[in-house]
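Trainee: First the structure, then my questions, so here it is.
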Amino acid sequence: MRELLLVLDEGTTSTRAMLFAPSGECLGSNAAELTQHYPGPGLVEHDAAEIWSRTFACAQAMVAKAGGPGAIAAIGITNQRETIVFWDKKTGEPLAPAIVWQDRRSAALCRQWREAGEEPGVQARTGLLLDPYFSGTKIAWAMANWPQLREAGDRLAIGTVESWLVWKLTGGLHITDATNASRTLLMGLGSGGWSDGLLDMFSAPRDALPEIVDCAGRFGTTKLFGGEIPICGLAGDQQAATIGQACFAKGETKATYGTGAFVLTNAGTTPPASKHRLLATVLWQLGSRRTYAIEGSVFVAGSLIQWLRDSIGLIETASETEALARSVPDNGGVYLVPALSGLGAPWWEPDARASLSGLSFSSTRAHIVRAALEAMALQSHDLKTAFAADGADWARLRVDGGMVANDWMAQDLADMLGIPVDRPAFAETTALGAAMLAGVGCGLFRDLEAAAQMRGPGTTFEPQLDVDARKARIEGWNAAVERVVR
Ligand code: ADP
């Protein structure tokens, strides 16, 4: 019987295929690294042909594991967002490198638009800011600098990574889901399709862009695995994780602590407008109706631990940070503001630099490591304050990502935020969310609530720290941040 769900989870550094049973049990997983190309300072590119070939190879392994395409009910795709691919509709081959979300090449363009006073209007329409992060700015740069794109004329196709994968899987279906489309700067947050004014601003040819579709449905089928498999679920990775954490009601919030940290709060069915430089984005679109999220990101989370390990040599493994943090009763007055690549929301200070402050002869390696872990809860506290000011305070927080394997950090989050923190036993919430959408799209589940049966049990961390200790730490942190953003 067809009941397994195949997820393609295309990340920044690796691509993966995972196989799920409707119970949520993960039956197998196969990953491959993706080559990172850094052709110059601030430039990050991927080879779209490699993304496709490695993703396909991983998928083939999982189809074999399932016992053939006949056992698979549907494919769900989730992807690194904002990365943009350019290809030839006739040959199906890339026309240029894929420009990765981290790439800053459109910074000068963004500055020009901001100086021309464009940002408030763009934010009101899209929920986003004029930052190189977003795909539209990358398209504008590419159309101006890569003549082969203009020369391709009506053969040019442009899309985010899920769009590229669907094209390759189906042999020419050109669609994108509304969550990915909502990260391009080309789609009005509240309305149906691409906006003419925004397409003009970012020099994006309408005919090159995909059709915007729901996150679940029967979009098309692939025949590449020796039998037909429908593609039924599509969502950007952070939206998929929010769905995988079952944040279905307004106000429900998830935070992923990986290389960076991403927080999304379900904002209901009216497009939100942030007054505190948070992003407004589509959380999902089902039956042509959109549900929205407010999103905030912290640029440096797990990468701080990697930096302490690889560049500073303070630790040998990420996991030893837990015992080190526990080995001292407090931070001893030490604060680490991890602005190693500027400060993200709610500060948005690209030029801020990190600081380690409050050191004395009694400070030890353990204090510094503890300060590094404490920075996660403190940055989260800053975000919570900004979300609350935008009318989206958190009552509890569902966490995932590689860092929350650290029990000390999960408890510290609960303590500093003053709310319960829930951690699922199955940490791959992004893939789970894509599986849930595929399950809804193919009719295996009636709706997302029914699909939530795929989620397993979890652990809750209750806040324990007393109010005064919490207040003192936040004051110390605020003073340290002020010195960095000044
Ligand atoms: P990504 O998906 O962004 O690649 P992951 O979710 O896999 O990241 O998380 C990996 C990050 O988590 C790494 O930066 C690593 O330093 C950090 N990390 C892993 N285990 C721990 C731990 N026990 N304590 C603190 N940080 C950890």
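Trainee: Find all pairs meeting these conditions: Cβ atoms under 7 angstrom apart; at least six residues apart or on different chains; first residue within the stretch 387-409 and free of Cβ contacts under 8 Å to residues at least 60 places away in the same chain; second residue among the aromatic types (Phe, Trp, Tyr) and away from the ligand (no atom under 16 Å from the Cβ).
Mentor: Matching pairs, first to second residue: none at all.
Trainee: Can you find, within the stretch 304-313, the residue that is farthest from the ligand (Cβ to nearest atom) among those that are open to solvent by 70 Å² or more (accessible area, probe 1.4 Å) and farther than 17 Å from Leu359 by Cβ?
Mentor: Ser311
Trainee: Determine whether the stretch 70-77 contains at least one residue that is farther than 19 Å from Gly226 by Cβ, at pLDDT 95 or above and open to solvent by less than 20 Å² (accessible area, probe 1.4 Å).
Mentor: So far as the stretch 70-77 goes, yes, one or more of its residues are farther than 19 Å from Gly226 by Cβ, at pLDDT 95 or above and open to solvent by less than 20 Å² (accessible area, probe 1.4 Å).
Residue-wise test of (1) within 11 Å of the ligand (Cβ to nearest atom); (2) open to solvent by less than 10 Å² (accessible area, probe 1.4 Å); (3) within 16 Å of Ala318 (Cβ to Cβ).
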site: Met376; (1), (2), (3): yes, yes, yes
site: Lys384; (1), (2), (3): no, no, no
site: Ala388; (1), (2), (3): no, no, no
site: Gly402; (1), (2), (3): yes, no, yes
site: Asp407; (1), (2), (3): yes, no, yes
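Trainee: Need pairs with beta-carbon distance below 7 Å; first residue over 23 Å from Asn406 (Cβ atoms) and free of Cβ contacts under 8 Å to residues at least 24 places away in the same chain and within the stretch 247-266, second more than 16 Å from the ligand (Cβ to nearest atom) and assigned to a strand (DSSP E or B); sequence gap 6+ or separate chains.
Mentor: Between residues of the stretch 247-266 that are over 23 Å from Asn406 (Cβ atoms) and free of Cβ contacts under 8 Å to residues at least 24 places away in the same chain and residues that are more than 16 Å from the ligand (Cβ to nearest atom) and assigned to a strand (DSSP E or B), the close pairs are Ala249/Asn266; Lys250/Asn266; Lys250/Ala267; Lys250/Gly268.
Trainee: Please list, ordered by residue number, the helices (runs of 4 or more DSSP H) wholly in the stretch 369-465 having 3 or more residues that are farther than 30 Å from Arg309 by Cβ.
Mentor: Correct list: 429-441, 448-451.
For every residue, the table says whether it meets (1) open to solvent by less than 50 Å² (accessible area, probe 1.4 Å); (2) modelled with pLDDT of 95 or more; (3) more than 20 Å from Ala427 (Cα to Cα).
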{"residue": "Arg2", "(1), (2), (3)": "no, no, yes"}
{"residue": "Gln36", "(1), (2), (3)": "yes, no, yes"}
{"residue": "Leu43", "(1), (2), (3)": "yes, no, yes"}
{"residue": "Asp47", "(1), (2), (3)": "no, yes, yes"}
{"residue": "Ala61", "(1), (2), (3)": "yes, yes, yes"}
{"residue": "Ala66", "(1), (2), (3)": "yes, yes, yes"}
{"residue": "Asn79", "(1), (2), (3)": "yes, yes, no"}
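Trainee: Might you check whether a residue that is polar (S, T, N, Q) and either more than 9 Å from the ligand (Cβ to nearest atom) or closer than 22 Å to Leu234 by Cα (or both) occurs anywhere in the stretch 314-324?
Mentor: No; the residues of the stretch 314-324 include none that is polar (S, T, N, Q) and either more than 9 Å from the ligand (Cβ to nearest atom) or closer than 22 Å to Leu234 by Cα (or both).
Trainee: Spot the failing condition for Val63; the list is (1) without any contact (Cβ under 8 Å) to a residue 24 or more places away in the chain; (2) assigned to a helix (DSSP H, G or I), and only one is missed.
Mentor: If we test Val63 against (1) without any contact (Cβ under 8 Å) to a residue 24 or more places away in the chain; (2) assigned to a helix (DSSP H, G or I), just (1) comes out false.
Trainee: (1) open to solvent by less than 10 Å² (accessible area, probe 1.4 Å); (2) within 16 Å of the ligand (Cβ to nearest atom): which one isn't true of Gly342, the others all being true?
Mentor: Result: Gly342 passes all but (2).
Trainee: Sticking with this one: Could you look through the stretch 11-41, keep only residues that are hydrophobic (A, V, I, L, M, F, W, C) and touching a residue at least 40 places away in the same chain (Cβ under 8 Å), and pick out the one that is nearest to the ligand (Cβ to nearest atom)?
Mentor: The qualifying residue nearest to the ligand (Cβ to nearest atom) is Met18.
Trainee: Regarding Ser53, is this residue more than 16 Å from the ligand (Cβ to nearest atom), farther than 17 Å from Gly233 by Cβ and in contact with a helix residue (DSSP H, G or I) (Cβ under 6 Å, 6 or more places away or on another chain)?
Mentor: Spelling it out, it is not the case that Ser53 is more than 16 Å from the ligand (Cβ to nearest atom), farther than 17 Å from Gly233 by Cβ and in contact with a helix residue (DSSP H, G or I) (Cβ under 6 Å, 6 or more places away or on another chain).
Trainee: Identify all residues within the stretch 249-265 that are open to solvent by less than 50 Å² (accessible area, probe 1.4 Å) and within 17 Å of the chain's Cα centre (by Cα); write none if there are none.
Mentor: Within the stretch 249-265, Thr253, Lys254, Ala255, Thr256, Tyr257, Gly258, Gly260, Ala261, Phe262, Val263, Leu264, Thr265 meet the criteria.
Trainee: Gly268 fails exactly one of the following numbered conditions: (1) away from the ligand (no atom under 16 Å from the Cβ); (2) on the phi > 0 side of the Ramachandran plot; (3) open to solvent by 50 Å² or more (accessible area, probe 1.4 Å). What is the number of that condition?
Mentor: Of the numbered conditions (1) away from the ligand (no atom under 16 Å from the Cβ); (2) on the phi > 0 side of the Ramachandran plot; (3) open to solvent by 50 Å² or more (accessible area, probe 1.4 Å), the odd one out for Gly268 is (3).
The values are calculated or read from the model by the stated rules, or taken from the named source; none is laboratory data. Quick caveat: nothing in here was measured; it's all calculated off a predicted structure. In this analysis, Cβ positions are derived from the backbone assuming ideal geometry, glycine residues included, and neighbour counts consider all displayed protein chains. Protein only, heavy atoms only, side chains kept; ligands, DNA and RNA dropped before computing areas. Shrake-Rupley method; radii C 1.70, N 1.55, O 1.52, S 1.80 Å.
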